[in-house]
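Enquirer: Sharing a structure with you now.
The values are calculated or read from the model by the stated rules, or taken from the named source; none is laboratory data. All values derive from a computational prediction rather than experimental measurement. Positions of Cβ are backbone-derived with ideal geometry, glycine not excepted, and every protein chain shown enters the neighbour counts. The protein model used for the area step is the full one, side chains on, heavy atoms only, and it has no ligands, DNA or RNA in it. Shrake-Rupley method; radii C 1.70, N 1.55, O 1.52, S 1.80 Å.
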Amino acid sequence: MSQTPRQPAARSFDVKAQRLRLLKRNATLLLVLMALIMLLATYFRGAHPSLPYIAAFAEAALVGGLADWFAVTALFRHPLNLPIPHTAIIPKNKHRIADSLGEFIETHFLSSERIMAKVSEFNPARRLAAWLQVDANAKAGADQVARLMDFILQSLTEPAMALRLRGLLLQQLAQIDLAKPAGEILAVIRQSGQHQVMLDAVLAHLEQELQQPAVQQKLAAIIAAEFDYLRWISLDAAGGRYMAKKLVHAAGREVQNMRESSEHPLRAHFDQELGKLQQNLKHDASLQAALQLSQQHLLAQPSLLNAIDSMWLRMVAWLADDLAAQDSVLRAKLALSLQQLGARLSDDVVLADWLNRHARVAAGVLVKKYRRQIGQFIAEQLKAWDDGVMVERLEVSVGVDLQFVRLNGTLVGGLIGVVLYTGHQLLR
């Protein structure tokens with residue numbers, strides 16, 4: 001059965017623990033070696049003049065090594081499991097150490113000035129620009145944004161959320177005042193003369209329709225139906241056709257006159273009526289109320305609600321399908337936008353300065369606001385640790401250096417012992 005790969009932090013801890021065990025063993029073996037040397041040199045001290053010096057070195061080294069072993073061990077536990085006062089210092093004072101460490105970090109590491117200076121030194125804009133201009137990084141960033149968008153889209157398709165969004169949309173649509181914007185739009189249309197262009201298009205279409213035989217026949221039938229008395233002499237159809245022809249001719253001539261003359265009275269009348277409608281939309285309370293009522297009636301229609309729901313679901317489904325596709329258009333656009341942002345940050349000094357300044361200020365504000373909570377969080381985490389777990393972690397973290405203290409203490413103690421013994425011999 002395959003084993004689950006360990007996390008990098010766990011692997012690093014194992015490596016440190018293994019190295020600590022090796023150094024502990026070496027320091028202990030050095031003490032044993034000094035003890036053997038001391039015994040042998042003392043036993044055979046008369047065999048050679050240098051042996052007393054070697055014995056003094058080994059004796060002092062043994063004393064120094066044992067003293068350092070006691071001091072290092074007393075930090076974490078009771079030496080030889082004996083309840084000696086002022087030993088097992090760390091587990092006994094765990095709460096006080098935790099509070100002191102949290103306060104130390106809060107005071108000396110989490111000051112706004114230090115963090116802001118570090119952010120300025122880091123130069124987020126330059127680093128972000130360089131990172132975004134790499135194709136792989138831009139694609140990775142786009143993938144992360146796409147995953148976030150997909151998560152949001154999936155959340156928005158839930159019935160409760162969809163109903164809530166529809167309600168918000170209808171609420172916003174209901175608050176729109178259609179009358180005044182419509183009046184302003186009409187004012188712009190009149191000032192630009194586009195209403196006359198629209199009238200020209202309508203007149204051209206009307207002139208075209210009047211020349212259609214089917215339209216003329218329909219007009220003839222309508223007119224013939226109005227002349228009942230002509231039916232007795234069988235002239236109703238002929239009279240209808242004659243009157244329709246005259247009507248089409250007169251209407252066509254009038255339409256042509258309107259199209260050719262910008263000063264035609266009907267054009268002026270059309271402009272005046274449009275102006276009245278414009279003013280009514282802005283100032284006529286009854287017209288505004290009628291529009292508002294029609295707006296509310298339209299928004300309450302089930303067909304509109306169903307259309308909104310259907311359109312929303314289709315749009316979300318399309319976005320989700322595109323984000324999931326290998327050749328996603330949105331992800332490609334996101335990656336391109338991120339690369340363009342990186343290029344702009346690299347070239348635009350003003351934008352880069354703006355980003356750095358806001359990042360620096362934001363970091364300072366956040367640290368000032370939350371540094372107390374961060375210090376308390378660190379202290380609470382240390383207090384929550386089991387004594388054995390805390391001792392193990394701290395010993396693995398700093399124990400390697402402490403074992404070097406033991407090794408150095410053994411050797412330095414031996415050297416001091418030789419010096420003292422030599423001085424003693426010289427004084428004798």
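Enquirer: Give the accessible area for Val361 in Å² (nearest 10); use a 1.4 Å probe, count only protein heavy atoms, and leave out ligands, DNA and RNA.
Expert: Val361 has an accessible surface of roughly 70 Å² with all protein chains in place.
Enquirer: What's the Kirkwood radius of the range 129-191 in Å, using all Cα pairs?
Expert: 15.9 Å is the Kirkwood radius here.
Enquirer: First compute the accessible area of the range 250-314 with a 1.4 Å probe, then give the percent of it belonging to carbon and sulfur atoms.
Expert: Looking at the range 250-314 in its full context, I get 60 percent from C and S.
Enquirer: Give me the percent of the accessible area of the range 1-128 that comes from carbon and sulfur atoms, probe 1.4 Å, all protein chains in place.
Expert: On the way: 5790 of 8840 Å².
On the range 1-128, the fraction of accessible area on carbon and sulfur atoms equals 66 percent.
Enquirer: Still on this structure, please answer the following. To the nearest Å, what is the center-to-center distance of the range 352-392 and the range 285-322, using C-alpha atoms only?
Expert: A separation of 48 Å, based on Cα centres.
Enquirer: Shifting gears a bit: To the nearest 10 degrees, how steeply does helix 349-384 sit against the main Cα axis of the chain, on a 0 to 90 scale?
Expert: Helix 349-384 sits roughly 50 degrees off the main axis of the chain.
Enquirer: Each label point is 7 Å from the Cα along the Cα-to-Cβ direction; what then is the distance between the points at Arg190 and Ala300, in nm?
Expert: With each label point 7 Å from Cα toward Cβ, the separation is 3.3 nm.
Enquirer: So which residue, out of Met38, Met315, Met149, gets the largest mean-square fluctuation from a GNM of the chain using Cα contacts under 10 Å as springs?
Expert: Most flexible of the set in this elastic network: Met38.
Enquirer: May I pose another question? Kindly sort Thr107, Thr73, Thr157 by accessible area of their heavy atoms, largest first, with the probe set to 1.4 Å.
Expert: Working: Thr107 80, Thr73 20, Thr157 50 Å².
Greatest to least solvent exposure: Thr107, Thr157, Thr73.
Enquirer: I've got another one for you. Which angle between 0 and 90 degrees, to the nearest 10, do you get for helix 94-108 versus the longest principal axis of the chain when only C-alpha atoms count?
Expert: 60
Enquirer: Just by accessible area at a 1.4 angstrom probe, what is the order of Trp69, Trp354, Trp318 from largest to smallest?
Expert: Output order, biggest surface exposure first: Trp318, Trp354, Trp69.
Enquirer: Leaving out ligands, DNA and RNA but keeping every protein chain, what accessible area does Trp131 have, in Å² rounded to the nearest 10, with a 1.4 Å probe?
Expert: So the heavy atoms of Trp131 present about 110 Å² to solvent.
Enquirer: A follow-up question, please. Rolling a 1.4 angstrom probe over the protein heavy atoms, how many square angstrom per residue are accessible across the chain?
Expert: Computed with neighbouring chains in place, this is 68 Å² per residue.
Enquirer: On to the next question. Where is the GNM fluctuation largest for the chain (alpha-carbon springs, 10 angstrom cutoff): Val316, Val365, Val418?
Expert: Evaluated over the chain, the most mobile residue of the options is Val418.
Enquirer: What is the distance in Å between the Cα centroid of the range 145-163 and that of the range 8-79?
Expert: Each part reduced to its Cα centre gives a spacing of 65 Å.
Enquirer: Pick out which of Val197, Val350, Val391 has the largest mean-square fluctuation in a Gaussian network model of the chain, springs linking Cα atoms closer than 10 Å.
Expert: Most flexible of the set in this elastic network: Val197.
Enquirer: Starting from the Kirkwood radius over alpha-carbon pairs of the chain, derive D by Stokes-Einstein at 37 °C in a medium of 0.692 mPa s and give it in µm² s⁻¹.
Expert: 97
Enquirer: So who's got an amide H within less than 5 Å of the one on Arg77, skipping anything under 5 residues away but keeping other chains? H placed 1.01 Å off N, in plane.
Expert: Ala88, Ile89
Enquirer: Grab the Cα-Cα distance for Arg96 and Asp348, subtract it from 0.36 nm times how many residues apart they are, and report the gain in nm with one decimal.
Expert: Full extension of this stretch gives 85.6 nm more.
Enquirer: When the helix-only estimate is applied to the chain (DSSP H runs of n ≥ 4, each -39,500 (n - 2.57), divided by the residue count), what is the mean residue ellipticity at 222 nm, nearest 500 deg cm²/dmol?
Expert: -29000 deg cm²/dmol
Enquirer: Can you sort Ile90, Ile97 by solvent-accessible area, 1.4 Å probe, largest first?
Expert: Ile97, Ile90
Enquirer: Any of Lys180/Lys276; Lys118/Lys369; Lys118/Lys139; Lys92/Lys383 with alpha carbons more than 23 Å apart? Name them for me. Can you show the working numbers first?
Expert: Details: Lys180/Lys276 13 Å; Lys118/Lys369 18 Å; Lys118/Lys139 29 Å; Lys92/Lys383 11 Å.
Too far apart for the 23 Å limit: Lys118/Lys139.
Enquirer: Here's a follow-up. Once every Cα of the range 72-142 carries one equal point scatterer and solvent is ignored, give the base-10 log of I(q)/I(0) from the Debye formula at q = 0.17, 0.20, 0.23 Å⁻¹, two decimals.
Expert: Log10 of I(q)/I(0), two decimals: -0.76, -0.87, -0.96.
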